[in-house]
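Student: Pasting a structure below so you can have a look.
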Amino acid sequence: MKRILPCLLLLAWHVLACADVLPPQAADAAERFRNNPGAFDRTDQWCEGKRVDGACQVDGNAFEGGGPGICERDLNRRDYQIDLHCVVKPAPRIERAIPDGPWQADADVCALAARSDSVAQTVRSQGWACTEPPVLSDRFCKGVEAGQRCVAEVSLGDRVQRFDGVCRRQLDTKGTYFQGRRTLTRPVVSCEPEHPAPAATLKPVSAWRKLFQ
C-alpha cells in the first residue's frame, strides 16, 4: 500500500497537469458542441442562413466536388470554433486504382537510414525510398501525359457518371508514424476537374443568430 499511494498521487498530478494545459476555450467549445446540437460559430458560404441538418448545395458537379448536401457541424480543434459545413450527400467516390507504393520518406528518416543499418532495413521493408520514386498514374491517365485530356468515372450511390477532365501531375502525400509523425510523398498523374468547386470560406455567425441557437 505504501508503494501504491505515491504512484496514485503521481498519476492524479499528471492528469490534472495535462488538463491545465488545455485552454479554457477548448473545454467551453467541447461542452457547447456536446450539450447544444444546434450551436455553431461559423458557416461556410453554402450553409449561410441555414440550420444544422438543413439542405444545401455546393457549387459544381460531383467530379468538381459539388452537389446537394446537408449542413453538418464539426469542432475545429485549431481554434476551438464550431463550424457548419455543407457536406455533399451521397459522397462521390472515384476509384483511381493507383498502386500503394513506392513512397519517398522524408529527409530526417533518410538521414537516419544513412547512419543506421536497422533503420535502412525498415525503410526498405516498408517500400519507402530516399529518392523520388517513378511517377504513377491513375487508371484514367494510363499512357497519357500531364496536360492532356481524360475522362473520369465518378460513383454516386449506385450510379456511375463520366466527366471530362485534365491529367495533372501533383504530389501525393500520406501520413505515417516512424519515430514520430512523418509525411510520405510521391509524384502522381491523375485525372482532375479543369475547374474544381470553389473552396469553402467560413464566416462568423452574427450575435443575433446565436441568440436563437
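Student: Quick one: would you say Gln45 is surrounded by 12 or more Cβ atoms within 10 Å (Cβ to Cβ), more than 23 Å from Trp208 (Cβ to Cβ) and at pLDDT 90 or above? Break it down into steps so the answer makes sense when it comes.
Tutor: Details: surrounded by 12 or more Cβ atoms within 10 Å (Cβ to Cβ): yes; more than 23 Å from Trp208 (Cβ to Cβ): no; at pLDDT 90 or above: yes.
The answer is no for Gln45.
Student: Could you list all residues from the range 173-187 that are surrounded by 15 or more Cβ atoms within 10 Å (Cβ to Cβ) and either assigned to a loop (DSSP other than H, G, I, E, B) or acidic (Asp, Glu) (or both)?
Tutor: Selection gives Phe178 alone.
Student: Which one of Ser190, Ser155 is within 22 Å of the chain's Cα centre (by Cα), touching a residue at least 60 places away in the same chain (Cβ under 8 Å), closer than 30 Å to Gly54 by Cβ and not in a loop (DSSP other than H, G, I, E, B)? It would help to see each step written out before you state the result.
Tutor: Working: Ser190 fails: closer than 30 Å to Gly54 by Cβ.
It is Ser155.
Student: Within the range 56-75, can you find the residues that are assigned to a strand (DSSP E or B) and in contact (Cβ under 8 Å) with a residue 12 or more places away in the chain?
Tutor: Taking the range 56-75 and keeping what is assigned to a strand (DSSP E or B), we get 56-58, 67-75.
If the condition is that a residue be assigned to a strand (DSSP E or B) and in contact (Cβ under 8 Å) with a residue 12 or more places away in the chain, then Cys56, Gln57, Val58, Gly67, Pro68, Gly69, Ile70, Cys71, Glu72, Arg73, Leu75 are the ones that fit.
Student: Any idea which of Lys174, Lys203, Lys142 is in the same structural domain as Arg42 (by TED's automatic domain parsing) and among the charged types (D, E, K, R)? Steps first, please.
Tutor: Working: Lys174 fails: in the same structural domain as Arg42 (by TED's automatic domain parsing); Lys142 fails: in the same structural domain as Arg42 (by TED's automatic domain parsing).
Result: Lys203 is the single residue among Lys174, Lys203, Lys142 that is in the same structural domain as Arg42 (by TED's automatic domain parsing) and among the charged types (D, E, K, R).
Student: Give me the pairs: first residue in the range 201-213 and in contact (Cβ under 8 Å) with a residue 12 or more places away in the chain and under 16 Å from Arg32 (Cα atoms), second residue part of a helix (DSSP H, G or I) and charged (D, E, K, R), beta-carbon distance under 7 Å, and six or more apart or on different chains, which are they?
Tutor: Pairs that qualify, where the first residue is in contact (Cβ under 8 Å) with a residue 12 or more places away in the chain and under 16 Å from Arg32 (Cα atoms) and the partner is part of a helix (DSSP H, G or I) and charged (D, E, K, R): there are none.
Student: Something else: Count, please, the residues in the range 51-84 that happen to be on the phi > 0 side of the Ramachandran plot and crowded, with 16+ Cβ neighbours inside 10 Å. Before you say what the answer is, go through the steps one by one.
Tutor: Looking only at the range 51-84, we keep the residues that are on the phi > 0 side of the Ramachandran plot, and these are 53, 60, 65, 67, 80.
Next, only the ones that are crowded, with 16+ Cβ neighbours inside 10 Å stay: 60, 65, 67, 80.
So the answer is 4.
Student: Taking Ala12 as meeting all but one of (1) small (Gly, Ala, Ser); (2) farther than 30 Å from Ser137 by Cα; (3) at pLDDT 90 or above, write down the number of the exception.
Tutor: (3)
Student: Being under 21 Å from Val135 (Cα atoms), assigned by TED's automatic domain parsing to the domain that holds Gln126, at pLDDT 95 or above and charged (D, E, K, R) is the requirement here; does Arg169 meet it? Give the derivation first.
Tutor: On the way: under 21 Å from Val135 (Cα atoms): yes; assigned by TED's automatic domain parsing to the domain that holds Gln126: yes; at pLDDT 95 or above: yes; charged (D, E, K, R): yes.
Yes.
The values are calculated or read from the model by the stated rules, or taken from the named source; none is laboratory data. These figures come from a predicted structure and were not determined experimentally. Cβ atoms come from the backbone with ideal geometry, glycine included; neighbour counts cover every protein chain shown.
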